[in-house]
Amino acid sequence: MGLSRSIQLPSGEPSWEAVAKRLVSMGETPLLRMIDGQPAFPDETPPDDWRELRVTLSGGMITLKRTHQAWTLVTWGTADEALTAAEAHLAEAIRLAHASEQA
């Protein structure tokens, strides 16, 4: 069982680096675990054409799927308070990075 939240990005997408910087400014330490189904080094930078990332934040692991004009955040299992907060941080970081790159 999982929960998902989609963020619509009709006018372009932020870079993963911009999102990661926003997360750090929120007190999170994003660590990549997988890029497109392949194991990743925690500080690895995904290629520009990535489709799926698995990232560990303070509350647990979140899958980030990229589709045309949207990023979907997926949490698996029981989403406790810590994982829900981490997911909210990731969603906000995506929105803020997107807004700053569009400005």
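If you average the sequence gap of Cα pairs under 8 Å that are 6 or more apart and divide by the length of segment 1-61, what percent do you get for the contact order?
Here the relative contact order equals 29 percent.
Let me have the relative contact order for segment 48-100, percent, based on Cα pairs under 8 Å that are six or more residues apart.
Reported as a whole number, the value is 27 percent.
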> Of the accessible area of the chain, with the probe set at 1.4 angstrom, what percent is carbon plus sulfur?
Replying inline: 54
> Hey, what did the chain get for relative contact order, percent, Cα under 8 Å, at least 6 apart?
Replying inline: 36
> Where does each of ASP49, ASP80 land when they are ordered by accessible area, with a 1.4 Å probe and the largest first?
Replying inline: ASP49, ASP80
>> Let me check something: with ligands and nucleic acids excluded, how do HIS98, HIS89 order by accessible area (1.4 Å probe), largest to smallest?
In response: HIS89, HIS98
> Given the protein chains as shown and a 1.4 Å probe, how many square angstrom of MET61 are accessible, to the nearest 10?
Replying inline: 90
> 222 nm [θ] for the chain, helices only, -39500 (n - 2.57) per DSSP H run of 4+, per residue, to 500?
Replying inline: -10500 deg cm²/dmol
> Given a 1.4 Å probe, how much area per residue of segment 20-103 is accessible, in Å²?
Replying inline: 55
>> Treating only the Cβ of Lys, Arg, Asp and Glu as charged (+1, +1, -1, -1), what charge dipole size does segment 1-92 show about its Cα centre? Round to the nearest 20 debye.
In response: 160
> Based only on the alpha carbon positions, what is the Kirkwood hydrodynamic radius of the chain, in angstrom?
Replying inline: 13.5
> Where in segment 19-60 does the label zone of ALA103 land, with the point 7 angstrom along Cα→C-beta and an amide N cut-off under 16 Å?
Replying inline: 19, 21-23, 25-26
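The values are calculated or read from the model by the stated rules, or taken from the named source; none is laboratory data. Small disclaimer: the values here were computed from a predicted structure and weren't measured. Note that each Cβ is placed from the backbone with ideal geometry, even for glycine, and that neighbours are counted across all protein chains shown. What goes into the accessible areas is simple: the full protein's heavy atoms, side chains included, and nothing from ligands, DNA or RNA. Shrake-Rupley method; radii C 1.70, N 1.55, O 1.52, S 1.80 Å.
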